[in-house]
Amino acid sequence: MDLKALRCFVAVAEEGHFGRAAARLHLAQPPLSRRIRDLEADLGCRLFDRIPTGARLTAAGRVLLPEARDLLARAERVRDRVRAAESVREVVLGTVAGAGLDAGPAALAVLRRARPGLRVRLYEAPVTDPTGGLRERRADLALTRLPFDTSGLTVRRLGAEALVAALPADDPLAERPRLHVRELAGRPRFRLPAGTDAQWRAYWLASDEGAPGPVVTSVEECLHAVVWDGVTGILPAGAARRHARPGIAFVPVDGHPPSLVVLARCADAPDQLVDAVAAALTDAHAAGPDAHPTAVAGAGALLRDAASQAC
């Protein structure tokens, strides 16, 4: 049953007049009359009697009126529930080895103001998955690091992060202000499992694939290997701040390309809300981790536009 026709029927029944009902609905009277005729044809009965003062419900019309009001109210509840579901949409943000997370608070402050119902849930991917969960569709968007195979992904560069060597605190190199990556050659290293993206493995090992050492799948396992196995390895510089603990020294490393921090997403999954979250993170990263939320307010406008179009 056509909801538009039911709205016309209810308006005529309540106004008792086709002209007043048309004005209430902002319709011309001929289209309104056609919808009532179509509804009567669909039901196989007359709904109104024409009288000098306007229109009066027939017996069939009196039966239909409460039913029509109920159907229209139920349709409005359905519409509200669907819109409410969109208003609490959850965007899953994958992250690998802490990439770009320092910009998170400023970006989230803008997002919460622009779209209070939007939830951004963090998925911390293992260091064996440089896509941050994108390939397995565990994440809508990922803060990650190059290099890795980006086929099928859209990648936006955010910046570069220096590297540090994670060393046992009693290692002679731990006292150095800086060291060259060549000085780590020949030492046991923490390694990534076979089958991990080849470019990713080669970058983080930064030495011969045959170097001995334990296989790890998380940053915590890397640090455990340094403390308990006496091995070394390279990590993003932010690890020195986020994972400082007794028994481990972090020394800046030269001679190896910095870690390129990027935002990535699946190229075949366009989504305006995900675009807006990406814009907020991009602007927040450009403004710096200590930026006030107003510094990234432009992303909030983009989010509001995307949200309104999505609804």
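The values are calculated or read from the model by the stated rules, or taken from the named source; none is laboratory data. This one's a predicted model, so the numbers in the text were calculated from it and none came from an experiment. We place every Cβ from the backbone using ideal geometry, glycine too, and count neighbours over all the protein chains shown. To get the accessible areas, we keep the full protein, side chains included, count just its heavy atoms, and leave off ligands, DNA and RNA. Shrake-Rupley method; radii C 1.70, N 1.55, O 1.52, S 1.80 Å.
Observations, loosely collected:
- Some residue of region 210-226 being surrounded by 14 or more Cβ atoms within 10 Å (Cβ to Cβ), without any contact (Cβ under 8 Å) to a residue 40 or more places away in the chain, among the polar types (S, T, N, Q) and over 30 Å from ASP271 (Cα atoms): no
- Applying the criterion of being within 14 Å of GLU67 (Cβ to Cβ) and either touching a residue at least 60 places away in the same chain (Cβ under 8 Å) or β-branched (Val, Ile, Thr) (or both) to the residues of region 1-52, the residue that is most open to solvent (accessible area, probe 1.4 Å) is MET1.
- Whichever residue in region 263-279 is in a helix (DSSP H, G or I) and touching a Gly at 6+ places or on another chain (Cβ under 9 Å) and, among such residues, is modelled with the lowest pLDDT: ALA276
- Within region 146-156, one or more residues are assigned to a strand (DSSP E or B), more than 18 Å from PRO236 (Cα to Cα), among the β-branched types (Val, Ile, Thr) and touching a Cys at 6+ places or on another chain (Cβ under 9 Å).
- Residue in region 166-173 that is farther than 20 Å from ALA279 by Cα, in contact with a Cys (Cβ under 9 Å, 6 or more places away or on another chain) and either part of a loop (DSSP other than H, G, I, E, B) or of a type in the set (Val, Ile, Thr) (or both) present: no
- Sub-7 Å Cβ pairs linking a first residue in region 66-84 that is farther than 23 Å from ARG119 by Cβ to a second residue that is in a helix (DSSP H, G or I) and open to solvent by 80 Å² or more (accessible area, probe 1.4 Å), at least 6 apart or interchain, are LEU72/ARG7, ordered by first then second residue.
- Residue match in region 250-266 (condition: of a type in the set (Asp, Glu), touching a His at 6+ places or on another chain (Cβ under 8 Å) and open to solvent by 30 Å² or more (accessible area, probe 1.4 Å)): yes
- When we screen PRO177, PRO147, PRO168, PRO193 for residues that are within 27 Å of the chain's Cα centre (by Cα) and in contact (Cβ under 8 Å) with a residue 60 or more places away in the chain, the only hit is PRO147.
- Filtered residues of region 280-311 (kept if among the β-branched types (Val, Ile, Thr) and modelled with pLDDT under 50): THR294, VAL296
- Test result for GLY195, closer than 19 Å to PHE148 by Cα, open to solvent by 20 Å² or more (accessible area, probe 1.4 Å) and outside any helix (DSSP H, G or I): yes
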